[in-house]
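Below: one structure, written as structure tokens.
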Amino acid sequence: MAIIKTNYKSIEVADGQPILDVCEELGVHFSCRAGRCGACKIDIVKGEKNLSELTEKEIALGDCDKKHRLACQVKINQGMIKIKFD
């Protein structure tokens with residue numbers, strides 16, 4: 001099991017699961033859900049090594065890296081991540 005944390009809540013998810021739905025439950029805002037708008041950008045505070053590689057859509061957006069990801073695109077491979085979002 002993988003764990004996604006914020007300062008206020010912690011949710012367990014299956015290894016390899018996209019974090020889209022969990023982040024929505026945590027309060028991350030989405031517009032397009034397709035990696036185009038950047039509304040779902042999250043800051044990875046801890047555990048970036050536990051995430052999938054950057055997707056082509058994240059790279060094309062131009063301001064994503066291992067510490068700044070799009071919640072609609074990233075998957076958690078295993079372990080724990082801590083996120084922060086606006």
Going through region 14-60 one residue at a time, which ones are under 15 Å from ASN77 (Cα atoms) and aliphatic (A, V, I, L, M)? ALA14, ILE19, LEU20, VAL22, ILE44, LEU51, LEU54
Could you grab me the full set of residues in region 53-86 that are under 19 Å from ALA14 (Cβ atoms) and open to solvent by less than 30 Å² (accessible area, probe 1.4 Å)? ARG69, ALA71, CYS72, VAL74, ILE76, ILE81, ILE83
Please go through region 7-39 and give me each residue that is of a type in the set (Val, Ile, Thr) and either within 18 Å of LYS57 (Cα to Cα) or open to solvent by 20 Å² or more (accessible area, probe 1.4 Å) (or both), ordered by number. ILE11, ILE19
Could you list all residues from region 18-48 that are within 18 Å of ALA2 (Cβ to Cβ) and out of contact with any Lys or Arg (no Cβ under 8 Å at 6 or more places or on another chain)? ASP21, VAL22, CYS23, GLU24, GLU25, VAL28
Please work out if ASP15 is assigned to a loop (DSSP other than H, G, I, E, B) and over 18 Å from ILE3 (Cα atoms). no
Expected single match for touching a strand residue (DSSP E or B) at 6+ places or on another chain (Cβ under 9 Å) and free of Cβ contacts under 8 Å to residues at least 60 places away in the same chain among ARG33, ARG69 is ARG69
Within region 40-50, the count of residues that are open to solvent by 70 Å² or more (accessible area, probe 1.4 Å) and β-branched (Val, Ile, Thr) comes to 1
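The values are calculated or read from the model by the stated rules, or taken from the named source; none is laboratory data. Quick caveat, the model's predicted, so the values are computed rather than measured. Using ideal geometry, Cβ is built from the backbone for each residue, glycine included, and neighbour counts are taken over all protein chains shown. To get the accessible areas, we keep the full protein, side chains included, count just its heavy atoms, and leave off ligands, DNA and RNA. Shrake-Rupley method; radii C 1.70, N 1.55, O 1.52, S 1.80 Å.
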